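Step one of this worksheet: look at the structure below.
The values are calculated or read from the model by the stated rules, or taken from the named source; none is laboratory data. A quick note: this is a predicted structure, and the numbers were derived from the prediction, not measured. Positions of Cβ are backbone-derived with ideal geometry, glycine not excepted, and every protein chain shown enters the neighbour counts. We work out accessible area using only protein heavy atoms, side chains counted, and drop any ligands, DNA or RNA first. Shrake-Rupley method; radii C 1.70, N 1.55, O 1.52, S 1.80 Å.
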Amino acid sequence: QPGSSVKPFLYELAFEGGLRPGDMIEDTPLFTLGRYAPRNYDNSFHGPVSLREALANSYNIPAVRLIQRVGIDSFLLRLREVGLSSLRGTADDYGLALALGNAEVSLLDLTSAYALLARGGVWKPVRSLESDPRLPGVRVTDHAATYLVTHVLSDNGARAHAFGMNSPFSLPFSFAAKTGTTKDYRDNWAMGYTPRWTIGVWVGNFDGRPMRRVSGITGAGPLLRDAAMAV
């Protein structure tokens, strides 16, 4: 499961709908129909926060409020449009937790989706070999909305509350990055990109056993940093 690494695509969809990173959203207790009560990674509430802060710090409750606004069906369609072809269920199957990454994806598909963000919203099929034909890209997301997501994911100060100023994503060049951690620590992710390249990292046990409180920023994050510095 991708966990919070799918959130940038939710925010991009919201920005297409007219919202902006400076707009405010509530990070306060939320109880939905069916008594689903999302919690933040730090088990805290942060009150009114900007969408920039909410995405950069990966707060869960604002993401659930946002999917309520844009619609589960619309978000599911967008995830399929960016290449997450393994999402074969319905909106009812996933529910509001789709905003928090409860659907299964592959590392290759998710990295390809982030490459779309790096291209400003253009999706291209993966080429495994240099000899593979270069097929034309398809615009999937709005360029301006995608730029806003990239700007937020590159903002080291905006994510400092959750990750600190000296996290693995504090690099000597502009770099957009996002983590993902499943609630049982079975999967964690670190995705990063510049206009020139995209890197995806997954960390977990191959037999599916949960890890011992290894998160995206502590497990996959340092590997992403090392790869980014080596490019």
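Calculate I(q)/I(0) for the range 53-139 by the Debye formula, one identical point scatterer on each C-alpha and no solvent, and give its log10 at q = 0.17, 0.24, 0.26 Å⁻¹ to two decimals.
-0.79, -1.27, -1.36
Contact order normalised by length for the range 47-123, with contacts defined as Cα pairs under 8 Å and 6 or more residues apart; what percent is it?
After rounding, I find 28 percent.
Positive end of the dipole of the chain, charges at C-beta (+1 Lys, Arg; -1 Asp, Glu), about the Cα centre: which of ALA63, TYR94, PHE173 has its Cα farthest in that direction?
Value: PHE173.
May I ask you to give the solvent-accessible area per residue for the chain, in square angstrom, as obtained with a 1.4 angstrom probe?
Heavy-atom accessible area per residue stands at 49 Å².
For the range 93-151, what are the per-bin percents of Cα-Cα distances with bins 5 Å wide, up to the bin holding the maximum?
4, 17, 18, 20, 22, 12, 5, 2, 0
Could you derive backbone 3J(HN,Hα) for the range 220-228 from the dihedral phi with the Karplus parameters 6.51, -1.76 and 1.60 (θ = phi - 60°), listing whole Hz in sequence and x where the residue is Gly or Pro?
My calculation for the range 220-228 gives 7, x, x, 5, 4, 4, 4, 5, 5 Hz in order.
Tabulate in residue order the Karplus-calculated ³J(HN,Hα) for the range 191-199, using 6.51 cos²θ - 1.76 cosθ + 1.60 with θ = phi - 60°, rounded to whole Hz; enter x for Gly and Pro.
Once θ is set to phi - 60°, the couplings for the range 191-199 become 10, x, 7, 10, x, 9, 8, 9, 10 Hz.
Each residue of the range 64-80 in order: what ³J(HN,Hα) in whole Hz does its phi give by Karplus 6.51 cos²θ - 1.76 cosθ + 1.60, θ = phi - 60°, with x for Gly and Pro?
The phi angles translate into 5, 4, 6, 5, 4, 7, 7, x, 5, 4, 5, 5, 4, 4, 5, 4, 5 Hz.
Which residues' amide hydrogens lie under 5 Å from the amide hydrogen of ARG186, considering only partners 5 or more residues apart or on another chain, with H built in the peptide plane?
MET211
Taking the Cα atoms of the range 1-88, report the difference between the largest and smallest coordinate on each principal axis, in whole Å and largest first.
Cα extents, longest axis first: 34, 29, 21 Å.
Please enumerate, by chain and number, the lysines with C-alpha under 29 Å from the C-alpha of LYS124, excluding those fewer than 8 residues away in the same chain.
LYS7, LYS178
Show me the trypsin sites (Lys or Arg not before Pro) within the range 41-90 that DSSP assigns to loop and that have at most 10 other Cβ atoms within 10 Å of their Cβ.
When the trypsin sites (Lys or Arg not before Pro) of the range 41-90 are filtered for loop state and at most 10 Cβ neighbours within 10 Å, ARG88 remain.
Using Cα-Cα distances under 8 Å and only pairs 6 or more residues apart, what relative contact order does the chain have, in percent?
So the answer I get is 22 percent.
Which percent of the accessible heavy-atom area of the range 97-231 goes to carbon and sulfur, probe 1.4 angstrom? Could the numbers behind the result be given before it?
Numbers: 3880 of 6900 Å².
Whole-percent figure for carbon plus sulfur exposure: 56.
What dipole magnitude, in Debye to the nearest 20, does the chain give about its Cα centre under +1 on Lys/Arg Cβ and -1 on Asp/Glu Cβ?
On the way: 24 positive and 21 negative charges, 44 e Å.
Dipole of the chain, to the nearest 20 debye: 220 debye.
Taking the Cα centroid of the range 55-103 and of the range 125-172, what is the distance between the two, rounded to the nearest whole Å?
Measuring centre to centre over Cα atoms gives 18 Å.
With a 1.4 Å probe and all protein chains kept in place, how do LYS7, LYS183 rank by accessible area, largest first?
Largest accessible area first, the list is LYS183, LYS7.
Under 10 Å from the Cβ of PRO210, count the other residues' Cβ atoms, weight Lys and Arg +1, Asp and Glu -1, and hand me the total.
On the way: positive: LYS183, ARG186, ARG209, ARG212, ARG213; negative: ASP184, ASP187.
Its environment carries a net charge of +3.
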